[in-house]
Amino acid sequence: FRATVYSCPESAAERREMADGVNTRIEDLNTVITQTESHRQRLLREAAANLYTWGIKVKKIKAIYHILNCCNIDVTQQCVIAEIWFPVADTSRIKRALCKGMERSGSAISPLLTVIQSKMSPPTFNRTNKFTAGFQNIVDAYGVGSYREMNPAPYTIITFPFLFAVMFGDCGHGAVMLGFALWMVTNEKTLLAQKSTNEIWNTFFGGRYLILLMGIFSIYTGFIYNDCFSKSFNIFGSSWHTRPMFRNNTWNNHILEESPLLQLDPAVPGVYSGNPYPFGIDPIWNIAANKLTFLNSYKMKMSVVMGITQMVFGVILSLFNHIYFKKTINIVLQFIPEMIFILCLFGYLVFMIIFKWCRFDVHISQRAPSILIHFINMFLFNYNDPTNGPLYPHQEEVQSFLVICALIAVPWMLIFKPFILRANHQKAQRMVRHTFFVAFSILASNHTTKASQEDHSGGHGGHDDHEEEISFQFNFGDIFVHQAIHTIEYCLGCISNTASYLRLWALSLAHAQLSEVLWTMVMNIGLKNSGWGGLIGVFIIFAIFAVLTIAILLVMEGLSAFLHALRLHWVEFQNKFYVGMGYKFSPFSFKQIIDGTTE
């Protein structure tokens, strides 16, 4: 411990003088501290104002140095060499940028842009805009396509919202979804400037144009189903007349006593007045007791037709891949038998559905044969079923021919391709041996015998190594197993994928029934009450109805239909032609580096 001793004057005047001096120094120190604090605050405010800019500069400088470190130095050490991928369409822009950089830097060396050959697989670049980016992201979530592989995103722009709307067909719900999407689209600049960190909101906002199209298509299919919040529009007037049902004693009094629903029978003469309802389902079916029976048959067959059509379209798209990559073997030994198999079996199923619609009207519909029984008997070659008559003349011969063609297509896909690939490999091996033999002969004629023998033995060893490498690259067993897996997957997949499209019917039925239950259990309560209490209750009931509609039918059901549409595109559609084993082209971008979204 060390103490400092100060002398204390004996007189009061001297002590006052010393105290004044101490106070003066304290004031000077306080002044210095205050000025220092204000100077520090001023510097921090200036730094805070420039901190974001400095951060961007640091990130840009770091990124530039990182890219420069990836370049090679020229032998003259006056320039750098960079090997890059770039879109061919942007060649002129890149040349202009290089020339502009040379002018700004004052360099005397002109930039050179030379195309080189590389064994690396090029990255995949799909040019998108704010409208198509959401659909491309759906495809890329399954897998980035290989270079020059057929991109399903352009077709997804139409098929995805349409299949969603088939399961979500309701004018009212589609209008609410459309309004929400229009709000996001019209205010996208303001919403983008907010830079929200909420992932759920960013997901909705990123797919605003997808939601927009889903809302439009849902309104369209809602008009076809004639369904708006579980109620029907009677725009053109119903084409159905119930008076003939009284005249013919076909009115179901038992049902009438319990509820005001009708048991409609289109086969009763006179129930139609003129042409059918101009667009969509006749509104009379909304109050019919057999509404589900009618709509289930309609939506189930519609789902099968749309599903098989999309799968056949996917197989056709695979042809463009084979043509571009010049894989003639795949065209002859894969595409053609695949088309024969799916058209002979499931294309014929679509034909039977449409033929039955056109051939059997309501008057003879009770005697119409079952398509399902016919399709099962087609595989069993059973044509002696007395309970299920033929659809058309010579049906037995046509179906037998189609089944035989489909059965021929299976070994066509399975057996021939592996053996042809092995024959091509053996032919390539013989060409390699012949090439080395010619090279060794020329080498022997230009050297002495000893040197020739040494060179020949060394070269022959290289030949053996190369031959072993070629043999290692081709494994017949692996090729055959791979082809067998592809054949089994395709043949069984055609069956399972066709059944999978029935989710269009199931989800549409579930959505319609949930909407009807919500209207019956909620809105009917408020609309039945009368008086002032009923008037006030309507507002409360409507608020509950609106909340449940948005939470259950729009959010939960909408998400369910979205996921099912996503599955139909990924599994049932894209697996017919899309591999998705590539990698995405990630250009150098200051914007992505600053935002932290660069890959």
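The values are calculated or read from the model by the stated rules, or taken from the named source; none is laboratory data. This structure is a prediction, so every number in the text was calculated from the model and none was measured. Cβ: placed from backbone, ideal geometry, glycine included. Neighbour counts: every protein chain shown.
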Check: Can ILE109 be described as assigned to a helix (DSSP H, G or I) and either assigned by TED's automatic domain parsing to the domain that holds LEU568 or not basic (Lys, Arg) (or both)?
Finding: no
Check: For the range 101-124, which residues satisfy the criterion of being surrounded by 10 or more Cβ atoms within 10 Å (Cβ to Cβ) and under 25 Å from GLY582 (Cα atoms)?
Finding: SER121, PRO122, PRO123, THR124
Item checked: Search result, residues across the range 377-412 that are loosely packed, with under 15 Cβ neighbours inside 10 Å, touching a Ser or Thr at 6+ places or on another chain (Cβ under 9 Å) and not in a loop (DSSP other than H, G, I, E, B) -> PRO411
Next item on the list: Identify, from the list PHE279, PHE294, the residue that is in contact with a Phe, Trp or Tyr (Cβ under 9 Å, 6 or more places away or on another chain), under 23 Å from GLU516 (Cβ atoms), free of Cβ contacts under 8 Å to residues at least 40 places away in the same chain and not polar (S, T, N, Q).
Entry: PHE294
Check: What about PHE223, is it in a helix (DSSP H, G or I), modelled with pLDDT of 85 or more and within 16 Å of TRP285 (Cβ to Cβ)?
Finding: yes
Next item on the list: Taking PHE160 as the residue in question, decide whether it is surrounded by 20 or more Cβ atoms within 10 Å (Cβ to Cβ), at pLDDT 95 or above and among the hydrophobic types (A, V, I, L, M, F, W, C).
Entry: yes
